[in-house]
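Coordinate-derived values only; no laboratory data. Because the structure is a prediction, the values reported are computed rather than measured. Please note: Cβ atoms are built from the backbone with ideal geometry, for glycine as well, and neighbour counts cover all protein chains shown.
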Amino acid sequence: MYTGIQHLHSGLAYLVLIALIIVIVLMLVGSLTGRDFTEKDRKIAMVAFILAHIQLLAGLVLYFISPLGLELLTGGGAMSDPIARLTALEHPLINIIAIVLITVGYSRAKKLESSRSKFRSIYMMYAVALVLILSRIPWGSWLG
Ligand code: HEM
């Protein structure tokens, strides 16, 4: 169970990052060229939104079964060890904030009137989320 979810979370991370980058570029270009926001644009933004939420669920499960999650936090010593603090506290917390921002950007775009403001809502929120996610990835264990 642990290894399965760990692999899912690790693999999904690539898809989430790629999807966010594609959506940010598409929305930025859409806004700059002044074209209309279409249903296709909404669906593409939704793919990144859904992938981020599946990743959130996998992350939440992982947090309770991984030795690098809650166990590390409650076991003591995690606060003084930067690597332990990353997976036990900073990574989960910052990523939850990032996924809230993705949700806000996507949902607000649906309510906004003009195409430009829809594009902007998505690319700005997704871009801040991407920076937050990248800032707290345990790079060493992921790609190392
Ligand atoms: C978009 C959001 C997220 C991304 C892109 C992401 C990405 C990653 C990556 C790349 C790793 C390293 C995997 C590896 O070493 O193979 C990881 C580990 C981990 N993540 Fe996330 N994560 C996200 C959200 C979350 C959330 C919301 C939680 C918890 C609430 C979480 C909990 C964890 C835990 C506990 C680990 C350590 C797992 C282990 O190796 O035992 N993640 N995450």
Item checked: Those trypsin sites (Lys or Arg not before Pro) in the range 14-95 that DSSP places in a loop and that have at most 16 other beta carbons within 10 Å -> 35
Notebook entry, point to check: Between the helical axis of 39-65 and the dominant principal axis of the chain, each derived from Cα atoms, what acute angle in degrees is found, rounded to the nearest 10?
Noted result: 10
Checklist line | Overall dimensions of the chain by Cα: Rg and Dmax, Å | finding: 16.8, 54
Next item on the list: Sum -39500 (n - 2.57) across every DSSP H segment of at least 4 residues in the chain, then divide by the residue count to get the 222 nm mean residue ellipticity, nearest 500.
Entry: -26500 deg cm²/dmol
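Which of the GluC sites (Glu not before Pro) found in the range 62-144 are in a DSSP loop and have at most 11 neighbouring Cβ atoms, other than their own, within 10 Å? Intermediate results must be reported in sequence, preceding the final value.
Working: sites: 71, 90, 113; in loops: 113.
Passing both the DSSP loop test and the Cβ count: 113.
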Note to self: Could you give each residue of the range 108-116 its phi-based ³J(HN,Hα) in whole Hz, using Karplus coefficients 6.51, -1.76, 1.60 with θ = phi - 60°, and x for Gly or Pro?
What the structure shows: 5, 4, 5, 8, 5, 8, 7, 4, 4
Next item on the list: For helix 2-33, report the angle its Cα long axis makes with the longest principal axis of the Cα atoms of the chain; keep it between 0 and 90° and round to the nearest 10°.
Entry: 30
